[in-house]
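The values are calculated or read from the model by the stated rules, or taken from the named source; none is laboratory data. As the structure is a computational prediction, the values presented were derived from the model and not from experiment. Every residue, glycine as well, gets a Cβ built from its backbone with ideal geometry; the counts of neighbours run over all protein chains shown. Please note that ligands, DNA and RNA were not included when accessible areas were found on the heavy atoms of the full protein model with its side chains. Shrake-Rupley method; radii C 1.70, N 1.55, O 1.52, S 1.80 Å.
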Amino acid sequence: MTLHADYDPDNIFAKIVRGEMPSVKVFEDETALAFMDVFPQSEGHTLIIPKEVQARNFLDMPTERVGAYMERVQTVARAVEKALNPDGVVVTQFNGAPAGQTVFHLHFHVIPRWTDKALSGHASGQMADISNLEAIAAKIRAELG
């Protein structure tokens, strides 16, 4: 896929926003939806996507919507850190397939890191157990107030 192309309203994250596909939600308001990555690179790997915006990547995001969306990314990252107490937190985002993007709806990854645990590959490996994801999400939600 090229860096710039038409937005596909049938991508998996658009379906999650519309409630057509299930997710383990961590946070939701009018601006963003945060949910657990079902192929986590680390325990607590959370995704934050914008709502009501058809942006394939960060470069496509309307400038006037960036601030509010990034506030939600930071809020979720802080909650992940408080809930799981990792040694570090990766906040990352990919633009285009050559950069590693696999779902073409803007999303940020919040990935807790521990010094003694290796990461799993991005969008690879086995799907996580949903009950485990729900337990982790409950811890994160508790830190959101």
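Only one residue in Val80, Val110, Val90 is at pLDDT 95 or above and closer than 28 Å to Pro9 by Cβ. Which one?
One residue alone meets the criteria, Val110.
Please count how many residues of the stretch 33-72 are surrounded by fewer than 21 Cβ atoms within 10 Å (Cβ to Cβ) and either part of a helix (DSSP H, G or I) or touching a Cys at 6+ places or on another chain (Cβ under 8 Å) (or both). Number of matching residues: 11. Being modelled with pLDDT under 95 and under 18 Å from Leu33 (Cα atoms) is the requirement here; does Gly145 meet it? Considered against the rule, which asks whether it is modelled with pLDDT under 95 and under 18 Å from Leu33 (Cα atoms), Gly145 comes out as yes. Each residue in the stretch 1-32 was checked for being modelled with pLDDT of 95 or more, of a type outside the set (D, E, K, R) and open to solvent by 70 Å² or more (accessible area, probe 1.4 Å), and 2 of them qualify.
Which one is farthest from Pro22 (Cα to Cα) among residues in the stretch 86-145 that are in contact with a Ser or Thr (Cβ under 6 Å, 6 or more places away or on another chain) and open to solvent by 50 Å² or more (accessible area, probe 1.4 Å)?
Only one residue tops the list, namely Asp87.
Close Cβ contacts (under 6 Å, 6 or more residues apart or on different chains) running from residues in the stretch 123-137 that are of a type in the set (A, V, I, L, M, F, W, C) to residues that are assigned to a loop (DSSP other than H, G, I, E, B) and open to solvent by less than 60 Å² (accessible area, probe 1.4 Å) comprise Met127/Val38; Ala128/Val38; Ala128/Pro40; Leu133/Val24; Ile136/Gly44; Ala137/Val24. Look at the stretch 60-85: where a residue is within 21 Å of Asn132 (Cα to Cα) and a partner is open to solvent by 40 Å² or more (accessible area, probe 1.4 Å) and modelled with pLDDT under 95, sitting 6+ places away or on another chain with Cβ atoms under 9 Å, you get Ala79/Gly145. As for the stretch 7-25, it holds no residue that is assigned to a strand (DSSP E or B), more than 22 Å from Thr63 (Cβ to Cβ) and of a type in the set (Val, Ile, Thr).
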